[in-house]
Amino acid sequence: MAVDTSDFKNGMSFIMDGDVWAIIEFQHVKPGKGGAFVRTRLRKLKTGQVIEKTFRSGEKVEPVFIEKVEMQYLFKQMQNATIMDMDTYEQFEVPLSIFGSQGKYLKDEAKIVALQANGETLSYELPNFVEVEVTETDPGFKGDTVSGSTKPATVETGAVVLVPFHINIGDVIKVDTRTDGYLERVKK
């Protein structure tokens, strides 16, 4: 059952050139001359590659149902991560590289989501925000309150995050895993 471009929605997935793509954003364009078209930004689910593609109005694509399966990260061993399906308790190893730059924030027992289509796992979604403990940073000194100033801090997973001067070793901070950005101190 093919879907028309007029049915596009953000997050919709479909098959194009043998791969599964998800629509990040789209825009219907009706120029003064010529036929209408749809301008899209697409993400390939397997690799994370983002492209821009234009479809003619009325062009059809083959939709794909994406199933989200809850998983749990158990531990890291060499260059692999051991994860467990929360429904079947089946454990398996995947390369750490599959998590991309967000992989540096994986903590034992972290919840992740596997995106599956037709029984094949295409990619994994990690939480957008994590709470991690600061294990190494320069000490903050009284009077270090310059607004907007930051220092590097290493967190329990080994990732390095830029934090304000008032953050010290032992503080638990909230980090945006998509941007590596410090959000707030959760507790001292």
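Computed from the coordinates by the stated procedures, all read-outs in this text should not be read as laboratory data. Computed from a predicted structure; not experimentally measured. Don't worry about glycine lacking a Cβ; one is built from the backbone with ideal geometry, like all the others, and counts go over all protein chains shown.
Brief remarks on what is shown
- Sorted by Cβ density within 10 Å, fewest first, the residues Arg178, Arg41: Arg178, Arg41
- If you take the Cα centroid of the range 22-63 and the Cα centroid of the range 150-188, the two points sit 38 Å apart.
- Proxy reagent accessibility, fewest Cβ within 10 Å first, across Met16, Met1: Met1, Met16
- Exceeding the 24 Å Cα-Cα cut-off - candidates Lys68/Lys104; Lys9/Lys33; Lys46/Lys104; Lys30/Lys68; Lys151/Lys187: Lys9/Lys33; Lys30/Lys68
- Extension gain (nm, one decimal) between Gln72 and Leu162, 0.36 nm per residue minus Cα-Cα: 29.6 nm
- Mean projected area of the convex hull spanned by the Cα atoms of the range 67-125, taken over all viewing directions: 3.7 nm².
- Between Phe65 and Ser101, the modelled label-to-label distance comes to 3.5 nm, taking each label 7 Å out from Cα in the direction of the beta carbon.
- Nearest-0.05 FRET efficiency for Glu25 and Asn80, computed from C-beta distance (R0 45 Å): 0.85
- Ellipsoid semi-axes in whole angstrom, largest first, where each is sqrt(5λ) of the Cα gyration tensor of the chain: 39, 24, 11
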